Amino acid sequence: MNAVSLSAVSKQFGEFWANRDISLDIHSGSIHAIVGENGAGKSTLTKIIYGLLTPTSGSISVRGQSVRFNSPRQAIAAGIGMVHQHFMLIPGLTVTENIILGDERCALFSLLNRKEAARKIQSIADRHGMAIDPDVFISELSVGEEQRVEILKLLYRNANILILDEPSAVLTPSETEQLFRTLKSFRKEGKTVLLITHKLGEVLSVSDTVSVMRRGRIVATEPTTAVTKSDLARLMVGRNVLLRVENPPEKPGNTVLKVSQAGFIDEKGRQRLDGLSFKVREGEIYGIAGVEGNGQSELLALLWGMVEPGCLTSGSITVSNIPLDDKSSAEVASLGVSLIPENRLQHAVIKDFSVYDNMIFGRHREKKFLRFAGFDAKTIRGYTNTLIGQYDIRCDIQSNPALSDLSGGNQQKIVLAREIERPGLKLLILAQPTRGVDIGALEMIHKKIIEARDKNIAILLVSAELDEIISLSSRIGCLYKGSIRHEFSTEEIRKGRSSEQDFEKEIGMFIT
Ligand SMILES: Nc1ncnc2c1ncn2[C@@H]1O[C@H](COP(=O)(O)OP(=O)(O)O)[C@@H](O)[C@H]1O
Ligand SMILES: [Mg+2]
């Protein structure tokens with residue numbers, strides 16, 4: 001029996017086909033994953049199934065019945081529920097109030113109803129191992145808990161087909177594991193789960209069937225046991241992809257960055273860094289693993305001279321033995337430091353300016369780009385073209401595009417090229433270098449990071465993606481509540497574990 005069946009479904013936005021000729025059977029009582037790169041059309045497909053978008057052509061049936069939804073209300077009535085990428089909860093209401101809100105069977109302001117609802121919610125939550133207090137306010141919940149509330153909302157309305165769009169994007173490794181246990185418990189009850197994700201490890205660990213989307217089409221649907229990570233990557237990108245960059249052993253040299261017993265108290269008096277110590281040597285990549293909010297932003301702000309003087313309340317930070325103290329960003333850069341910030345659009349580029357301008361942004365005072373009283377346009381063009389080739393930046397440079405005309409991955413490659421090629425670079429600081437970047441571009445970015453390391457540059461990598469940390473780092477520091485809780489040495493990383501997932505779990509224990 002198929003929970004949902006799509007036949008030749010297409011969706012056009014103007015001239016553009018976001019979904020094209022999609023035929024897909026989602027079996028009742030299974031976990032069906034859909035993977036694909038950014039823009040492949042996954043969210044569009046889920047919105048069609050959920051009645052948020054109507055298909056341009058094609059037909060859909062739910063449990064064998066042909067349907068034509070004009071709104072989510074109809075989909076909900078047919079037992080379909082969806083958790084969006086962005087949650088839609090009201091912070092000033094409790095868990096119970098949020099769940100019963102909009103459900104006609106229940107008046108929000110009747111105390112009796114609310115008590116009854118709270119009991120029902122608790123029992124559903126218990127049955128599926130979802131820890132939650134129905135009486136607590138949404139504003140007090142973590143992101144993972146909010147997601148649980150969204151899922152409970154669907155179950156409360158008796159949804160038996162659940163659609164989750166990139167649910168793990170906002171979760172810690174242990175929360176993700178918990179979510180997957182819950183999904184498996186739904187399957188046991190005969191419910192159907194449609195799981196959208198771009199993390200291939202997750203697909204393999206939780207799904208029964210996997211479909212791959214590329215440019216609006218489903219290019220494969222396979223039993224999960226029949227495919228490997230590299231199969232999926234190849235199908236997603238349309239060519240062979242190296243998931244793990246070649247990472248030959250590094251030869252670390254002198255210490256470049258040294259952080260000793262650093263303390264940081266923010267303007268609200270909260271201790272953000274507390275005795276943080278680590279060092280990064282020439283020719284090595286030091287990875288900082290951690291759940292966001294454990295001091296990463298404060299560390300990066302300190303390193304890049306982006307804090308008020310005196311924020312470093314104890315300890316010291318030095319680059320090549322020179323204390324950073326209250327140096328400005330420009331002064332830090334003059335020590336041979338480059339930063340690729342987390343939010344590149346805000347801090348690393350000017351998106352309405354041309355690719356040429358962005359390639360020398362921050363490096364525009366270098367002599368070679370200047371001529372008489374202005375810029376040497378010819379040199380800048382030539383330099384940009386060379387780097388476009390070396391970093392495989394996909395753009396039609398002849399048409400002089402603005403940076404915003406490029407995809408996220410190509411924008412990031414421009415920032416990377418500009419910063420890695422900076423003359424005199426000694427320390428490269430990378431914050432979430434591949435966030436929002438497709439796996440094709442990710443491969444190139446990782447390769448260039450390794451190449452920079454092999455040119456003896458010291459690299460600090462701060463990333464929330466554990467597989468990225470594992471595949472690039474020579475040593476790994478697990479950041480938790482403002483200090484390094486455990487450091488994995490080069491030998492430990494090399495030691496070899498039965499699988500990458502096992503290593504992720506091991507790291508996970510030190511960051512949560
Ligand atoms: N409402 C819309 N109008 C125009 N284009 C859209 C709209 N929604 C999505 N698209 C385009 O359709 C493509 C697929 O988007 P989406 O389904 O969100 O992909 P995914 O979820 O796989 O990243 C993207 O190129 C996106 O820009
Ligand atoms: Mg999407």
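Where a number appears in this text, it was derived from the coordinates with a stated rule and is not lab data. It should be emphasised that the depicted structure is a prediction, and the values quoted were computed from it without experimental measurement. Backbone-built Cβ (ideal geometry, glycine too); neighbour counts: all protein chains shown.
In µm²/s, what is D for the stretch 2-237 at 25 °C and 0.890 mPa s, where D = kT/(6 pi eta Rh) by Stokes-Einstein and Rh is the Kirkwood radius from Cα pairs?
Taking Rh from Cα pairs, D becomes 134 µm²/s.
When the expected Rg is taken as 2.2 N^0.38 Å, what fraction or multiple of it is the alpha-carbon Rg of the stretch 358-512? Present the calculation step by step, with values, prior to reporting the outcome.
Working: Rg = 18.4 Å, N = 155, 2.2 N^0.38 = 15.0 Å.
The stretch 358-512 yields a ratio of 1.23.
Whole Å is fine, so just give me how far the alpha carbon centre of the stretch 170-193 lies from that of the stretch 31-70.
With the stretch 170-193 and the stretch 31-70 each reduced to a Cα centre, they are spaced 21 Å.
Suppose R0 equals 30 Å. What FRET efficiency, 1/(1 + (r/R0)^6) with r the Cβ-Cβ distance, do Ile322 and Lys367 give to the nearest 0.05? Numbers along the way, then the final one.
Numbers: r = 24 Å, r/R0 = 0.80.
It comes out at approximately 0.80.
Taking the Cα centre of the chain as origin and charging only Cβ (+1 Lys, Arg; -1 Asp, Glu), how large is the dipole, in debye to the nearest 20? Could you put the intermediate results ahead of the total?
Numbers: 63 positive and 61 negative charges, 172 e Å.
Once rounded to the nearest 20, the dipole reads 820 debye.
Using packing as a proxy for protection, rank 80-91, 271-282, 63-74 so that the peptide with the highest average count of other Cβ atoms within 10 Å comes first.
Details: 80-91: 16.4, 271-282: 20.1, 63-74: 12.8.
So the order, starting with the most tightly packed, is 271-282, 80-91, 63-74.
Using only the Cα atoms of the stretch 348-422, construct the convex hull and provide its projected area averaged over every direction, in square nanometres to one decimal. Could the numbers behind the result be given before it?
Working: hull surface 18.4 nm².
That works out to 4.6 nm².
Tell me, what is the Rg over Rh of the stretch 399-489, with Rh the Kirkwood radius over Cα pairs?
Working: Rg = 14.4 Å, Rh = 14.4 Å.
The Rg/Rh ratio comes out at 1.00.
Would you kindly give the portion of the calculated P(r) for the chain that falls above 38 Å, as a percent of all Cα pairs?
Working: 46661 of 130816 pairs.
Summing the P(r) of the chain above 38 Å gives 36 percent of all pairs.
Can you name the helices of the chain, as whole DSSP H runs, whose Cα span along the helix axis is 15 Å or more and whose Kyte-Doolittle mean is not below -0.5? Walk me through the numbers before you get to the answer.
Details: long enough: 111-127 (24 Å, -0.83); 143-156 (20 Å, 0.01); 173-188 (23 Å, -1.17); 377-390 (20 Å, -0.36); 408-420 (18 Å, -0.34); 439-454 (22 Å, 0.06); 500-511 (17 Å, -0.44).
Correct list, ordered by number: 143-156, 377-390, 408-420, 439-454, 500-511.
Excluding Ile360 itself, calculate the net charge of residues whose Cβ lies under 11 Å from the Cβ of Ile360, where each Lys or Arg counts +1 and each Asp or Glu counts -1. Intermediate values should be presented prior to the final figure.
On the way: positive: Arg363, Arg365, Lys368, Arg381, Arg418, Arg422; negative: Asp357, Glu366, Asp376, Glu421.
After counting each charged neighbour, the total is +2.
Measuring from label point to label point, each 7 Å out along Cα→Cβ, what is the Asp405 to Ser471 span in nm?
3.1
Relative to the Cα centre, what is the charge dipole magnitude of the stretch 1-79, using +1 at the beta carbon of each Lys and Arg, -1 at the beta carbon of each Asp and Glu, and rounding to the nearest 20 debye?
Working: 7 positive and 4 negative charges, 53 e Å.
It works out to roughly 260 debye.
Place a point 7 Å from the Cα of Lys184 along the Cα-to-Cβ direction; which residues of the stretch 3-40 have their backbone N under 14 Å from it?
Answer for this model: 31.
With runs of 4+ DSSP H residues as the only contributors, calculate the mean residue ellipticity of the chain at 222 nm using -39,500 (n - 2.57) per run, divided by the residue total and rounded to the nearest 500.
Working: 18 runs with 173 residues, N = 512.
It comes out at -10000 deg cm²/dmol, rounded to the nearest 500.
Using only alpha carbon pairs under 8 Å that are at least six residues apart, calculate the relative contact order of the stretch 348-422 and give it in whole percent.
Numbers: 65 pairs, mean separation 31.8, N = 75.
Worked out over the stretch 348-422, it gives 42 percent.
Find the eigenvalues of the gyration tensor of the Cα atoms of the stretch 1-83, then list the square roots of 5 times those eigenvalues as equivalent ellipsoid semi-axes, largest first, in whole angstrom.
Working: eigenvalues 74, 43, 31 Å².
They are 19, 15, 12 Å, listed from largest to smallest.
If packing is taken as the average count of other Cβ atoms within 10 Å, what order do 463-471, 357-365 fall into, highest mean first? Present the calculation step by step, with values, prior to reporting the outcome.
Numbers: 463-471: 20.2, 357-365: 17.2.
Taking the mean over residues of other Cβ atoms within 10 Å, the ranking is 463-471, 357-365.
With the contact rule set at Cα under 8 Å and sequence spacing of 6 or more, what percent relative contact order holds for the chain? Before the final figure, lay out the partial values.
On the way: 970 pairs, mean separation 76.4, N = 512.
The normalised contact order for the chain reaches 15 percent.
Mean separation of Cα pairs under 8 Å and 6+ residues apart, divided by the residue count of the stretch 2-237: what relative contact order is that in percent? Spell out each step's value before the answer.
Details: 451 pairs, mean separation 66.8, N = 236.
For the stretch 2-237, the relative contact order is 28 percent.
Roughly how many nanometres apart are two label points built 7 Å out from the Cα toward the Cβ at Met88 and Lys447?
It is 4.3 nm.
Just the number, please: Stokes-Einstein D of the stretch 113-263 in µm²/s, Kirkwood Rh from C-alpha pairs, 25 °C, 0.890 mPa s.
Working: Rh = 18.6 Å.
My calculation gives 132 µm²/s for D.
Per the Kirkwood treatment, what hydrodynamic radius in Å, one decimal, follows for the stretch 257-408 from the mean inverse distance over all distinct Cα pairs? Provide the component values of the computation, followed by the final result.
Details: mean 1/r = 0.0558 Å⁻¹.
It works out to 17.9 Å.
Kindly rank 49-57, 138-146 from highest to lowest mean number of other beta carbons found within 10 Å of each residue. Working shown, then result.
Values: 49-57: 17.9, 138-146: 15.6.
Going from most to least packed, we get 49-57, 138-146.
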